[in-house]
Amino acid sequence: MAEPWRDRARRAVEWNWRLRSVGDPRPHYVICGKDALAYYVARAMLESELPLGGARVTVVVPERYRSNGPDVAGLRGVRVVRSDRLDVDTFEAAGLAGATGLALLHQDDVGNLYAALCAQAVDQRVRQVLRMFNGTLADGVRKLLKAPVEVLSDAEMAAPAFVAAALNEVDPSSFQHRDKTLRVARRADVRPQDVVCALAHVTEAHGVVLLPAEQAGADLVLAEATGQPAGTEVAARRLVRARRRRRPVTVVMGAIRGFATRKIGIAVMAVLALIAVLGALISRAEDVSPLEALYLTLVTTLSGADPDTTKAADAQIMQVVLNLAGLALIPLITAVVVDGIVNARLALHTGRLQPARVGHVVVIGLGNVGTRVVAQLREYDVEVVAIDKNPEPRGAALARQLEVPLIVGDAALPETLVAASVADCQALVVASTDDVANLEAALAARDLRADLRVVLRLFDGDFAERVEETFALGVSRSVSYLAAPAFIGALTERAVITTIPVDRHALPVAEVPVAPGSELDGRPLDVVNRDGQVRLIARTPAGGARTIWWKDLDPRQVIFAGDRLTVVARRRGLDWLTRQCAPPAYPVPVPRPGGPVHGGSKIPVAASPPVPGPTDPEVAASAPGAAHPVAPAEAASSTTAGLPDEMTRRQDAAGEVS
């Protein structure tokens, strides 16, 4: 039901009064989207404690839409603008002019490109973050737009997690930073000297513990790549070798079973068995060799034999039965050939495969994520079968190029899953865009095989976690939840290098510059590490010096302005570190009783920032010859540093990039 115009007008007036941009120093972000990714980005911007007083968030959603997950328009504290078209008028109504950032998160590459061009006409300085699937188009957008722009693909970031779960391995995330290549691995698979930091520790009591304090006991680590292949690649090679070692008889029998229907196959086998029995009896009655008996049987069956009344009665009966079997065998052979031709035509038209497969991976849904998953599996030479309701989904062209069979049908139907040989597959990846359809397909597949490994895509992260715990369907993943940290980092101009998915969590790897006068300026490196929140892995000194990696980091080293700290952190930990590295807030003018008096009235004087006394721990820590104390976590978390106004923020951001 449409919103009454009186309520809409009242809410517009209220928001214009509460969130007017004049005199409001808070950064303003405009987010265009309607799915779970827009929800997670908007919620993170509202919960972010980076700016003093929070951020203003405006969400642009269509007039009428059906949310397939958490509703972004239902978030408290956001201003909602409803428009079916992202054009200049919509962006002006959303207050884009002077905004800090714009996120275009619709699943429409061309629509996002048009919206980016319209936003550029409103404000050329606003930072834009676009969601795109087409890599070629994304490269062109980066070159064409005059505004600062970042183009990301949520499917490309989330696909490795699905591939790793399908092969029962850890996510094969690897990234290049400075002069090192780092990757995620199990601790048992890497050498101790190559371990950079602990990422997660799995316990029965507490579940997954991220960035644990105990480094030695962690199950998942970030390690330096030293030429050893990732666990996912090793698992894929093992699967390919197992498929090649299949017995030839099994392959031939599988091809025979898939050539004709079951009823025709049973009839042919029965007639052949009858002919074989009669041939053995003829060999014994005629007292001839096996080859001669075979000759007599085939000639009698296929062409008939001349009647001979002088033969014994049993020989005459066998001769008649063989003739009848020959009459039945010829039409059965014709039916098998015709049925095979018809099945081949249907396979070309609908993609329904009759040949049985073993050890392959079945991917349901050839959308953005499913297409990326199929492409990565084929890079590892893993056999893949795809299922989709649409005869021409987004990834149909790539499937034909990679020779991946596409079965057109409802994945929740048993006959569709049987056609894809789900009962004999290595894993099932359910990656369509409908949570209900994904859950139905997963349940139907488990009915065919109880121990099947299922990787389930669900949009709502909380729903995915509850389904994984309650139904025990395997591994559940939320693409939006995995990709949201990268979009948030690009929107807030943080130097997010990559995002590491760990179980159902995401750890961003970022490089944070230290501003002059910030809380960390002059503090020891030891204050950066916070158990469960932030882990320092590298430091690049100011002036472009060589990066100091984890092996050579000394906790007593002092942080200077201009240093760049590379960390693995959770989102709240990264917010804390960014605040600690931000420039100090400007002093706010307040009335001061001790000011000069003119004409009997006191003139307010701007208050000066308090000067720490000799006993202040900050000064004591920075004094010559003093030790380098580690600040308590409570004190670090309570410390807040504001941001300068919008113009100064833009200048600082430009200076950091340069």
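So here's what we get for this one:
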read-out: Residue list for region 352-393, restricted to those being charged (D, E, K, R), over 20 Å from residue 412 (Cα atoms) and surrounded by fewer than 24 Cβ atoms within 10 Å (Cβ to Cβ); value: 378, 379, 381, 383
read-out: From the options 73, 116, 103, 121, residue that is on the phi < 0 side of the Ramachandran plot, at pLDDT 95 or above and outside any loop (DSSP other than H, G, I, E, B); value: 103
read-out: Residue list for region 418-462, filter: touching an Asp or Glu at 6+ places or on another chain (Cβ under 9 Å), free of Cβ contacts under 8 Å to residues at least 60 places away in the same chain and over 16 Å from residue 373 (Cα atoms); value: 437, 440, 449
read-out: Filtered residues of region 532-549 (kept if open to solvent by 40 Å² or more (accessible area, probe 1.4 Å) and not aliphatic (A, V, I, L, M)); value: 533, 543, 544, 546
read-out: Residues that are at pLDDT 70 or above and either aliphatic (A, V, I, L, M) or more than 12 Å from residue 275 (Cα to Cα) (or both), drawn from region 316-332; value: 317, 318, 320, 321, 322, 324, 325, 328, 329, 330, 331, 332
read-out: Residue check, residue 514 over 25 Å from residue 164 (Cβ atoms) and of a type outside the set (Phe, Trp, Tyr); value: yes
read-out: Number of the condition not met by residue 579 [criteria: (1) modelled with pLDDT under 90; (2) within 38 Å of the chain's Cα centre (by Cα); (3) assigned to a loop (DSSP other than H, G, I, E, B)]; value: (3)
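The values are calculated or read from the model by the stated rules, or taken from the named source; none is laboratory data. Predicted model, so just to flag it, every value in this text is computed and none were measured. In this analysis, Cβ positions are derived from the backbone assuming ideal geometry, glycine residues included, and neighbour counts consider all displayed protein chains. In case anyone asks, the SASA skips ligands and DNA or RNA and just uses the protein heavy atoms, side chains included. Shrake-Rupley method; radii C 1.70, N 1.55, O 1.52, S 1.80 Å.
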